[in-house]
Amino acid sequence: MIDVDQVRADTPGINHLTHLLACGSALMPESVLNAVVAHTQLEAQIGGYEAQARQFDLLDGVYRSVARHVGADTREIAVMENATVAWCHAFYALPLQPGSRILTCEAEYAANYVAFLQRAKRDDLKIEIVPSDESGALDLAALEKTMADDVGLVAITWVPTNGGLMNPAAEVGRIAKKHGVPYLLDACQAVGQMRIDVVELGCDFLSATGRKYLRGPRGTGFLYVQEKWLDTLEPAMIDHFGAPWVERDRYELREDARRFETWENSYALRAGLGAAIDYADRIGIDHIQNRVGLLADAARKALSDIPSVEVRDLGQAPCGIVSFSIEGKDARSLVKQMAASGYAIGASAPSSTRIDAERRNLPTLLRIAPHYYNTEDEVRGAVECLASHIQ
């Protein structure tokens, strides 16, 4: 069980508004804030290099925290500036042959898809969208059917930015492994919301952010690279941290996933990321997932009782992101009205998941994404406030 009162006491932001947008950037616990501020103050007092040296053990421990959280080895983890940078480092490093196919899902995120388009144009690749099943999730039978020797990569988003969907990530991993195809999994919306075990998922690469359900600071993320790739995979770009200059005409890649990192980064934000993961692990990810699901289900039920609201979620067991539209109402305007009333909710444009949006003829969707620091009364109050704005 989660001690919600203690969690709320640990969360300064709840005193300012009712925050229901964990899928955007969740409220940080005080321990995360303290970690960032403390390191920043130390840099101001003694200098950035000196602060890094003094805090070496703490900062190096962030890799152990990330690895523990996702079931990886520390040498398989790179700490990055954000999830997009992490994802792109893996994607652009993969040596895909001309004519090979990239398989993805209908609910793929825009940042990933434009990267597909760029490499398809530059490297003569093909993008193939695996259709969804009746529930809206990636159709595993269709994926199996399309697998062939010309498939160079399977890359999907586990939890899309809208739709409440959880794609069958582990089952996709088993199919990709069976056919010997690299598997890149975007876990940006999943990490911190549900249990992640990279071995069970069977992914070769996994990218994630710190700012969403992990409750870390913005400007943080990480990349998991399965150990087998560390013998062969070279980053698309390197510096002397990831690839030390050992002779005038030669460099050597680091032996671990940190080859994807560069020399300069925000150590204060890294300290915050480590504190966020440690905080989540102390609470327990299973407890977090259960409570997030309970609050999201309550929001769906309450929203469904409003005649003009259409809940747009997909999947047999939707996650903590509740997506909906309201007939005749502009989503962005409603977000502003709710903010003025003390409630933080969000909106997601069709361009964020264009394939899914076009398939389902979606407008800009509203999003409510409660986290475990929220209460049932806050969810109920948000829906009642929303109803008052659309009467």
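Couple of notes before you dig in:
- Members of region 138-162 found to be touching a Pro at 6+ places or on another chain (Cβ under 6 Å) and either small (Gly, Ala, Ser) or assigned to a strand (DSSP E or B) (or both), listed by number: 142, 153
- Qualifying residue in region 145-166 (condition: outside the structural domain of residue 373 (by TED's automatic domain parsing), among the small types (Gly, Ala, Ser), surrounded by fewer than 24 Cβ atoms within 10 Å (Cβ to Cβ) and closer than 21 Å to residue 81 by Cβ): no
- Check on residue 187, modelled with pLDDT of 95 or more, out of contact with any helix residue (DSSP H, G or I) (no Cβ under 6 Å at 6 or more places or on another chain) and surrounded by 19 or more Cβ atoms within 10 Å (Cβ to Cβ): yes
- Residues in region 321-346 that are closer than 9 Å to residue 366 by Cα and touching an Asp or Glu at 6+ places or on another chain (Cβ under 9 Å): 5 in all.
- Among the numbered conditions (1) under 20 Å from residue 210 (Cα atoms); (2) at pLDDT below 95, the only one that residue 317 does not meet is (1).
- Residue check, residue 310 part of a strand (DSSP E or B), farther than 21 Å from residue 191 by Cα, among the acidic types (Asp, Glu) and more than 22 Å from the chain's Cα centre (by Cα): yes
- At least 2 residues being surrounded by fewer than 23 Cβ atoms within 10 Å (Cβ to Cβ) and over 23 Å from the mean Cα position of the chain (by Cα) is the threshold, and among the helices (runs of 4 or more DSSP H) wholly inside region 6-109 those reaching it are 30-46, 48-54, 56-70.
- Pairs where the first residue, in region 82-98, is more than 14 Å from residue 119 (Cβ to Cβ) and in the same structural domain as residue 273 (by TED's automatic domain parsing) and the second is surrounded by fewer than 20 Cβ atoms within 10 Å (Cβ to Cβ) and aliphatic (A, V, I, L, M), C-beta under 6 Å, 6+ apart: 84/111
- Close pairs (6 angstrom Cβ cut-off, 6 or more residues apart or separate chains): modelled with pLDDT of 95 or more in region 291-314, surrounded by 15 or more Cβ atoms within 10 Å (Cβ to Cβ) and among the basic types (Lys, Arg) anywhere: 311/300
- Subset of region 235-260 [touching a residue at least 24 places away in the same chain (Cβ under 8 Å), acidic (Asp, Glu) and touching a Pro at 6+ places or on another chain (Cβ under 9 Å)]: none
- The condition (being closer than 21 Å to residue 296 by Cβ, under 15 Å from the mean Cα position of the chain (by Cα) and among the basic types (Lys, Arg)) is satisfied by just one residue among 218, 195: 195.
- Matching residues in region 110-133 - criterion: being over 16 Å from residue 154 (Cα atoms), free of Cβ contacts under 8 Å to residues at least 24 places away in the same chain and in a helix (DSSP H, G or I): 118, 121, 122
- Looking across 107, 22, one residue alone is farther than 14 Å from residue 268 by Cα and assigned by TED's automatic domain parsing to the domain that holds residue 312. It is 22.
- Evaluation of residue 199 against (1) more than 30 Å from residue 33 (Cα to Cα); (2) part of a loop (DSSP other than H, G, I, E, B); (3) of a type in the set (A, V, I, L, M, F, W, C) (one fails), failing number: (2)
- Scanning region 117-158 for residues that are within 11 Å of residue 105 (Cα to Cα) and within 20 Å of the chain's Cα centre (by Cα) yields 136, 137, 138, 154, 155, 156, 157, 158.
The values are calculated or read from the model by the stated rules, or taken from the named source; none is laboratory data. Since the structure is predicted, the reported quantities are computational estimates derived from the model, not experimental observations. Heads up, the Cβs are rebuilt from the backbone with ideal geometry, glycines too, and the neighbour counts pull from every protein chain shown.
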